[in-house]
C-alpha cells in the first residue's frame, strides 16, 4: 500500500467531480471493509478513493411505505441489525446479522458497498435476491432501476458501469411470504459459508403457492435455482417432493471444490439443507 | 501445615492493567530515529536453482534504500547459515530455494509501504527441481532436499546428531527395551494402525517482528523472541563477535506458542542493519507467518501385542516427522516426543524409531506440546481401537496398563510425581463415565470418549535469576523468561515474594535484556515454572541469606526485626547499596544411549493430562459439535490457580483448532489457504457448551513450592478424546486429523455403501 488521496464528498455532484470512470486507480467506496483488504494485499493500488459515506439523501436511511422498504446504499449493517422495523418486517435480515462477519465489520460495512463488491460468499446479496429486491443506480446523466439479480455477472464481477453508483435498495412488501437464510459453514463458526441458501415461500397449508430459492458462496455469484423452484412451485410438501427438489437443485448448481468442501459434498449439503429449510418454513 | 502469603493465590497478572489500557510495550510499536523498513521477496517455487534475480525495478523506486540478496549478506556474515540443531538455513536463499515462500531478497526502504511496493517489482528465474512434500515419501525419495547435512552441536542432548547423509533423514532416534519381536510372538492378539497429523501454524496475534540497531562495534536487537539468550549466542556466532557486543531486548510478546524460539528473523535483520548502518525493522504480516515456522505433519505407525486379559506386552512405534525445508528444532521434537510415543503405559517390550525428515514444505519447529499431541493422537486412538476389539471398557483397559509411580518408563527413567491415575479418574468422574450415555435419536447421534497422555520435558536446560533488593527495601527480579501471555511475570514474582516474605504485587519484574538479565535457555516446553521458578527461589534465598549476613555484620541479634532500609542505612550511612541474590538451576540429566535410547534421567518432570469429550453428530451432513470438553492436568501445586486455569483452557482451545478446523493445504508445494479467511482458527463461538479445565491435587516434590509446568498439558490428550467420542457416536474411526464434517460424512456414506453392498 502506498499513499493515496481520500475524499469525502457531501453531494452527488461533488462525488462525480472526484470520480473518473476511465481511471481504474480512482474508485468510490462505502465502508471499505473489503477494499482495504485488497489494498493491503496489494491487489489494488488506488490513487484516489471517494467515500460515499457522507452523501446523505437517498444514499442513507431506511423507510417503509405500503408497497416497499427503501434502504439507502450507505446504510451500515449495524443499522439494519438494530432496526426494529427491519426486525418486524424483514426478520430474515435481522437473523442473518447474528453470524454475519463481526461487530467491527457490521459497524462499518454498507449495503451498497457489499453489493458492488460482488464476492459470492457474502450473506446479504442472496437475501436481497430472494426478497425480489431492486436497486437504483445513478450516474451523471440519470438513473436506472434493475433487479438485484441483474447486478452480478461473475466472480467479483458486476454489470454496473464504471460511472454508476448504487444509490438505494428497494424491497417490495409481499403479503404472505416467509423467508429464511441458511449459512452453511464447514469449519469454524465464523468461517465464510461453504454454501449460502436463501429461500422465500408463499405457503398455504402444505401447498407451496410460490417461492424463490437462491444459492450463494459455492457458485460464482448468487443464483436462483429455477429447476428446484419449478419442482416445488404449486406442489404439496411431502418427502418425495423434497427429494426431487433436492436432486434438481444439486443437478443445476455448478459447485466447485475448495477448502470448505468438495463439489460432491456441497451438493449433498445443498440437498439436505434445502429440504430442512422448506420444512422449517412450512412449520413457521 | 505451612501457610503461604503468595503461593496458591490467584494474584492478578502484574501487567494486566498495562495491557488492557494499551500501555504495554511490544516490538511491534517500536520506532527508532532514522529507522528503515525491510520487506521480504519470497520464492514462488518449492524447489529450484536460482538462475537470476532482477532487483533493478525495485531499486529504482523512490524511497528504496537498498535491495539485498545473499551476496550482500555474505559481506557481513561469511557463513550465513543458522539454526538450533543444524546450521542449515541460509539467511536468504543461497543459490537454491527449498520451499515456496522462502525469503530470496529484501527491500530496505524509508517506509514500509514503499518497501512492500518495491518488493512486488522483484523478479526471479528458477530452474525448477523435482520436489518431495510427504514425510513418508521423503524417507526413500530420490529427491534430496539438502545435499550436505550441517549439525550444529549446540545442545548437549543433540550433540550426537549426524543425520544420514545422502538421505532426507536429519535425525533418527531409537529406543529399544526388552525384545519387541519376542513380545509380539508371545502375545494373544496383534493390532497395527497408522495415523496422520496435518500441518498447522502457531498464529500468534503479534506476528514475528525484529528491530536491529547497530552501534559502534555493537548491536542491539529488539525482537519478539521467546529465547533472547539463544538469539544473542547465535548472532554472536554468525558475526564472529563476543557475546557482550550483542544485546537482545524483549518486551512483552503477543503470543509465541513455540514459534518465536531459537532464531527467526534476527540474523536477517541484524545483517541488514549492519549493511546500511541504520536501524532496520521487519514486521511480518499475519499471512507471512505461514512461511516462518509451522508444526510438523507427522505419520505414526503403531503396532501392539496384547494378551486377552488386556495386558499390553509389546509395542512398536515408527514416527516420521515432516520437518519441511529446514530442521529448526525438529530433531529435538523428534527425540523428545519420540521417547514418549508408546504412551504412558507399562510395557515390557518397546521399540521406537522416530525420524526427522526434510521436505520441500515450510519449516516446522516447536509448537505447544512439542510433538506430544501428534503421538498421543496415534497411541490414544490405537488404545480405543484395541479396547473395542477386546470388548473392554476404555478406561479399564488404560488403568490396566498405566505406568504407576516408581515404575520405569520405556527409557528406563522412573515415573515420579506423575499423577496419571488421578487425572484419568477425575476425567472419568467429570464425564460421569459409569452412567449410561444418551446416544441420541434419528439422524442425531451422540458419543463420548476419553484419552490420557504425557510428555517429557526438554532437558538439560539452564535458567539463571537475579533478585535485587534496593536501598529502600523494594525488590526487582531480573529474569530472561518472556511473558508472552502465560503470566510468568506474576508467578515468578510470587515465588520470590514468598521467600522474601513480601507481597508478589510489590515486586517489579525486569524484562529480558541480555545486557541486564542473566541467561535463560528459553521460554518453552512448560519449563519456566520449574526451571526458572527454581532459579528464582534460589536467588531469593541467596538474597535472604545475604540480608541475614548483613544483620550479623551489623552485630544485630538473630531474629531482630529491623527493616531492610534500616540495615542499609546502618551499613552505608544513608539510603544506598544493593543486596543481589543469584540463583542458577540445571536439572540432572543423563544423555540417552545412542543405540537403545536408555536414560535413567530423560526428563526433569512429567507433563501429565487427560481429556474427555462428548460429541453430537448430525449423521445426514457429517456436521458435529463438541458439546462437552473436560481437561484435567497434573501441574503439581498450582502456584496461581487462576493463571493455571487459563493456561489449561487456552491450550485446549488451541488444540481444538488443530483437531477440528486448522490445516495448511498444499497443492504441489504451494500453500493454497495462506490467509485467515481460509485457514480457520477457533473463536469463542466454537467453544463447547460445557468446557471444564482443572487440575488434580498433586505435588512435584523437587519443583518450586511443589509446582511444575502447565502450559501444554491440556493439548496432549484432547484430539484423541474427541476422535474417540466421534467413533463412539457413529461407530467409525477417523485416523487422520483434522476431523472435518466432510470426513465424517464420507466415512458414514462409505460405511452405508458397504452395508448395502453386503446386503
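For the stretch B:515-560, a tally of residues being on the phi > 0 side of the Ramachandran plot and surrounded by 24 or more Cβ atoms within 10 Å (Cβ to Cβ) returns 3.
Would it be correct to say that residue A:32 is on the phi > 0 side of the Ramachandran plot, more than 14 Å from chain B (Cβ to nearest Cβ) and surrounded by 15 or more Cβ atoms within 10 Å (Cβ to Cβ)? The answer is yes for residue A:32.
Within the stretch B:666-706, the set of residues being touching a strand residue (DSSP E or B) at 6+ places or on another chain (Cβ under 7 Å) and within 14 Å of chain A (Cβ to nearest Cβ) comprises B:672, B:688, B:689.
Taking the stretch B:12-32 as the range and being in a loop (DSSP other than H, G, I, E, B) and touching a strand residue (DSSP E or B) at 6+ places or on another chain (Cβ under 9 Å) as the test, the residues that pass are B:14, B:15, B:26, B:30, B:31, B:32. All conditions in (1) assigned to a loop (DSSP other than H, G, I, E, B); (2) touching a residue at least 60 places away in the same chain (Cβ under 8 Å) hold for residue A:15, with the sole exception of (1).
Let's see how each residue does on (1) more than 46 Å from the chain's Cα centre (by Cα); (2) modelled with pLDDT under 95; (3) closer than 22 Å to residue B:508 by Cβ:
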position: B:541; (1), (2), (3): no, no, yes
position: B:567; (1), (2), (3): no, no, yes
position: B:573; (1), (2), (3): yes, no, no
position: B:578; (1), (2), (3): no, no, yes
position: B:590; (1), (2), (3): no, yes, no
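Within the stretch B:721-740, restricting attention to residues that are within 28 Å of the chain's Cα centre (by Cα) and assigned to a helix (DSSP H, G or I), the residue that is farthest from the other protein chains (Cβ to nearest Cβ) is B:724.
A quick yes/no check of all residues on (1) over 30 Å from residue B:487 (Cα atoms); (2) at pLDDT 95 or above; (3) part of a loop (DSSP other than H, G, I, E, B):
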{"site": "B:4", "(1), (2), (3)": "no, yes, yes"}
{"site": "B:10", "(1), (2), (3)": "no, yes, yes"}
{"site": "B:34", "(1), (2), (3)": "yes, yes, yes"}
{"site": "B:65", "(1), (2), (3)": "yes, yes, no"}
{"site": "B:74", "(1), (2), (3)": "yes, yes, no"}
{"site": "B:84", "(1), (2), (3)": "no, no, yes"}
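Out of all the residues in the stretch B:499-507, is one or more under 17 Å from residue B:707 (Cβ atoms) and surrounded by 13 or more Cβ atoms within 10 Å (Cβ to Cβ)? Yes; the residues of the stretch B:499-507 include at least one that is under 17 Å from residue B:707 (Cβ atoms) and surrounded by 13 or more Cβ atoms within 10 Å (Cβ to Cβ).
The set of residues in the stretch B:356-408 that are part of a strand (DSSP E or B) and buried (at least 23 other Cβ atoms within 10 Å of the Cβ) comprises B:356, B:357, B:364, B:365.
Scanning the stretch A:66-94 for residues that are in contact with a helix residue (DSSP H, G or I) (Cβ under 9 Å, 6 or more places away or on another chain), in contact (Cβ under 8 Å) with a residue 60 or more places away in the chain and assigned to a helix (DSSP H, G or I) yields one hit, A:92.
Look at (1) under 30 Å from residue B:39 (Cβ atoms); (2) more than 18 Å from the chain's Cα centre (by Cα); (3) more than 14 Å from chain B (Cβ to nearest Cβ) and you find that residue A:12 fails only one, number (1). On inspection, residue A:206 passes the criterion of being in contact with a helix residue (DSSP H, G or I) (Cβ under 9 Å, 6 or more places away or on another chain) and away from chain B (no Cβ under 14 Å).
For the stretch B:183-195, taking the residues that are assigned to a strand (DSSP E or B) and either surrounded by fewer than 19 Cβ atoms within 10 Å (Cβ to Cβ) or in the same structural domain as residue B:307 (by TED's automatic domain parsing) (or both), the one that is farthest from the chain's Cα centre (by Cα) is identified as B:189.
Checked against (1) in contact (Cβ under 8 Å) with a residue 60 or more places away in the chain; (2) out of contact with any helix residue (DSSP H, G or I) (no Cβ under 9 Å at 6 or more places or on another chain), residue B:210 passes all but a single condition, namely (2).
Would you check which residues across the stretch B:619-649 are within 14 Å of chain A (Cβ to nearest Cβ) and either touching a strand residue (DSSP E or B) at 6+ places or on another chain (Cβ under 6 Å) or in a helix (DSSP H, G or I) (or both) and list them? Once the filter is applied, which keeps residues that are within 14 Å of chain A (Cβ to nearest Cβ) and either touching a strand residue (DSSP E or B) at 6+ places or on another chain (Cβ under 6 Å) or in a helix (DSSP H, G or I) (or both), the stretch B:619-649 yields B:619, B:624, B:625, B:626. Can you confirm whether the stretch B:212-224 contains a residue that is closer than 21 Å to residue B:675 by Cα, buried (at least 24 other Cβ atoms within 10 Å of the Cβ) and at pLDDT 95 or above? The answer is no, given that none of the residues of the stretch B:212-224 is closer than 21 Å to residue B:675 by Cα, buried (at least 24 other Cβ atoms within 10 Å of the Cβ) and at pLDDT 95 or above.
Suppose the filter is away from chain A (no Cβ under 14 Å), under 26 Å from residue B:297 (Cα atoms), in contact with a helix residue (DSSP H, G or I) (Cβ under 8 Å, 6 or more places away or on another chain) and crowded, with 19+ Cβ neighbours inside 10 Å; does residue B:652 pass it? Taking the combined requirement at face value, the residue satisfies it.
Is at least one residue of the stretch B:110-122 surrounded by fewer than 19 Cβ atoms within 10 Å (Cβ to Cβ), in contact with a strand residue (DSSP E or B) (Cβ under 8 Å, 6 or more places away or on another chain) and away from every other protein chain (no Cβ under 14 Å)? The answer is no; no qualifying residue exists.
Please count how many residues of the stretch A:251-266 are more than 8 Å from chain B (Cβ to nearest Cβ) and either surrounded by fewer than 21 Cβ atoms within 10 Å (Cβ to Cβ) or touching a strand residue (DSSP E or B) at 6+ places or on another chain (Cβ under 6 Å) (or both). Qualifying residue count, the stretch A:251-266: 10. For residue B:138, the conditions (1) surrounded by fewer than 21 Cβ atoms within 10 Å (Cβ to Cβ); (2) in a helix (DSSP H, G or I) all hold with the exception of (1).
Report whether or not residue B:258 is more than 17 Å from residue B:26 (Cα to Cα), in a loop (DSSP other than H, G, I, E, B) and modelled with pLDDT of 95 or more. Against the criterion (more than 17 Å from residue B:26 (Cα to Cα), in a loop (DSSP other than H, G, I, E, B) and modelled with pLDDT of 95 or more), residue B:258 qualifies.
The values are calculated or read from the model by the stated rules, or taken from the named source; none is laboratory data. Model, not experiment: these values are computed from the prediction. Cβ sites come from the backbone with ideal geometry, for glycine too, and all protein chains shown count toward neighbours.
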